[in-house]
1. Which residue, of Ala232, Ala263, Ala224, is of a type in the set (Gly, Ala, Ser), at pLDDT below 85 and either surrounded by fewer than 12 Cβ atoms within 10 Å (Cβ to Cβ) or over 23 Å from the mean Cα position of the chain (by Cα) (or both)?
2. Could you check, for the stretch 209-220, whether at least one of its residues is in a helix (DSSP H, G or I), of a type in the set (S, T, N, Q), surrounded by 12 or more Cβ atoms within 10 Å (Cβ to Cβ) and out of contact with any Pro (no Cβ under 6 Å at 6 or more places or on another chain)?
3. When residues of the stretch 15-26 are filtered for being assigned to a loop (DSSP other than H, G, I, E, B) and over 12 Å from Trp60 (Cα atoms), how many remain?
4. Right, Ala127: under 30 Å from Leu80 (Cβ atoms), open to solvent by less than 70 Å² (accessible area, probe 1.4 Å) and part of a helix (DSSP H, G or I) or not?
5. Could you tell me whether any residue of the stretch 1-16 is in contact with a Cys (Cβ under 9 Å, 6 or more places away or on another chain) and either of a type in the set (S, T, N, Q) or at pLDDT 95 or above (or both)?
6. Here are some residues: Lys96, Lys62. Which one is open to solvent by 90 Å² or more (accessible area, probe 1.4 Å), under 28 Å from Arg41 (Cβ atoms) and part of a loop (DSSP other than H, G, I, E, B)?
7. Looking only at residues in the stretch 99-124 that are within 15 Å of Phe45 (Cβ to Cβ) and aromatic (Phe, Trp, Tyr), which one is surrounded by the most Cβ atoms within 10 Å (Cβ to Cβ)?
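The values are calculated or read from the model by the stated rules, or taken from the named source; none is laboratory data. None of the values given here were measured: they were computed from a predicted structure. Quick reminder, even Gly has a Cβ in these numbers, built from the backbone with ideal geometry, and neighbours come from all protein chains shown. Areas reflect the complete protein model, heavy atoms only, side chains present, ligands, DNA and RNA absent. Shrake-Rupley method; radii C 1.70, N 1.55, O 1.52, S 1.80 Å.
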Amino acid sequence: ASSMSGLPDAYQTPEGLRTLANYLRSQNGVKVRSGIEHEKRVDYFKGKRLIECLLEAKKWPKSIPQITDKGVARLVAGELIQASFFHRSDKVEDKKGHLQISKRNVFEESGHYTWMYSGNMVWSNLASVGIIVAIITCTLMPIWPESWKKVLWYCSVTFLIVTLSFCLARFVAFLVMWLLGYDFWVFPRLFDDSLSFQDSFKPIYSFESSAPGQLYYRVGLIVAVIGFVYWACTQPTEFDGFIKANKEFIDDLYSGNLLADVAHNTRENIDRNNKRVPNLEDLLKEMEMDLLEEKKAADLQSNSSDLFGNSSDPLEQGSATFVSLETPESGITGEGESTAMDDGLLEELLQQHSLEDDNNDGV
């Protein structure tokens with residue numbers, strides 16, 4: 001049904017206009033460009049592109065009738081402006097990509113229009129939450145359980161091996177077809193940084209004739225391949241060692257031998273002291289050594305008092321001291337170790353007693 005103005009009734013309700021706006025803001029909607037309006041980044045489009053999108057729409061929403069008339073498309077665009085889904089903008093001179101709000105907020109195919117409606121934000125909000133959760137999860141990876149880390153390690157290693165194997169097979173296929181005079185690539189735009197993720201896988205393959213004048217390069221490549229095959233056949237030991245080394249490397253990757261999980265070890269040993277805690281046996285031994293040292297000091301002091309207190313002759317006292325310190329039966333030695341006093345100490349003792357005798361004679 002439509003009104004007297006020719007505009008369908010579905011586009012005269014807020015629900016119908018919002019459904020159309022959600023479609024126009026989707027991937028199947030009108031193509032937009034990024035610009036700056038009043039120091040804010042915005043999406044804008046040209047009126048002509050909007051009309052083309054309405055008339056040549058794909059995957060049109062089922063709840064609203066499809067637009068097939070250009071006049072109706074203009075009316076619908078005008079209703080979208082009146083409902084404040086977008087407004088008209090003018091380009092700023094001498095500033096590429098800069099816009100300003102136009103004073104004539106009417107729809108014309110030659111004008112530029114800036115979106116004020118962001119579209120259905122459900123998937124965008126879910127994606128934002130997913131990104132935040134992923135970042136937090138990756139940040140907390142040092143405290144992950146060991147099983148989670150192993151799963152992540154296996155997935156990473158598998159992805160790395162599959163990617164390298166695919167690139168190698170892709171390059172070998174190109175070389176084989178290049179020798180035959182053709183350029184054959186699987187996913188030719190795979191490594192094009194200027195494209196989006198989806199566009200990097202389009203087209204699936206390309207097959208074209210090679211440029212002329214590459215005969216010498218093909219001959220050189222054939223010679224190199226023949227030389228490699230000859231080396232692999234005549235040196236089976238070295239080639240087998242190369243294959244074995246690659247196999248061991250892959251086994252080490254999957255076994256985790258190349259992954260040093262220092263953070264996990266630190267978390268597991270967080271309540272352990274790196275220093276060895278002494279047990280009861282060590283404490284008893286330490287007490288025994290302290291008692292033995294005290295006994296040795298007491299015996300040494302007792303023997304020194306006896307030696308210098310019993311004899312009046314300094315020479316005899318020094319000789320007695322020397323003899324008693326050298327004798328194992330004196331009780332000063334312990335556990336087979338000799339504690340004899342050296343000649344320097346003996347001379348010092350003799351000189352000290354001589355000075356004492358001189359002082360006494362003077363008095």
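1. Exactly one residue qualifies, and that residue is Ala232.
2. no
3. Qualifying residue count for the region: 1.
4. Considered against the rule, which asks whether it is under 30 Å from Leu80 (Cβ atoms), open to solvent by less than 70 Å² (accessible area, probe 1.4 Å) and part of a helix (DSSP H, G or I), Ala127 comes out as yes.
5. So far as the stretch 1-16 goes, no, none of its residues is in contact with a Cys (Cβ under 9 Å, 6 or more places away or on another chain) and either of a type in the set (S, T, N, Q) or at pLDDT 95 or above (or both).
6. Lys96 is the lone residue from the list that is open to solvent by 90 Å² or more (accessible area, probe 1.4 Å), under 28 Å from Arg41 (Cβ atoms) and part of a loop (DSSP other than H, G, I, E, B).
7. Top of the filtered list is Tyr113.
Matching residues to (1) aromatic (Phe, Trp, Tyr); (2) under 20 Å from Asn120 (Cα atoms); (3) within 43 Å of the chain's Cα centre (by Cα):
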residue: Pro14; (1), (2), (3): no, yes, no
residue: Arg18; (1), (2), (3): no, yes, yes
residue: Ile36; (1), (2), (3): no, no, yes
residue: Ile64; (1), (2), (3): no, yes, no
residue: Thr68; (1), (2), (3): no, no, no
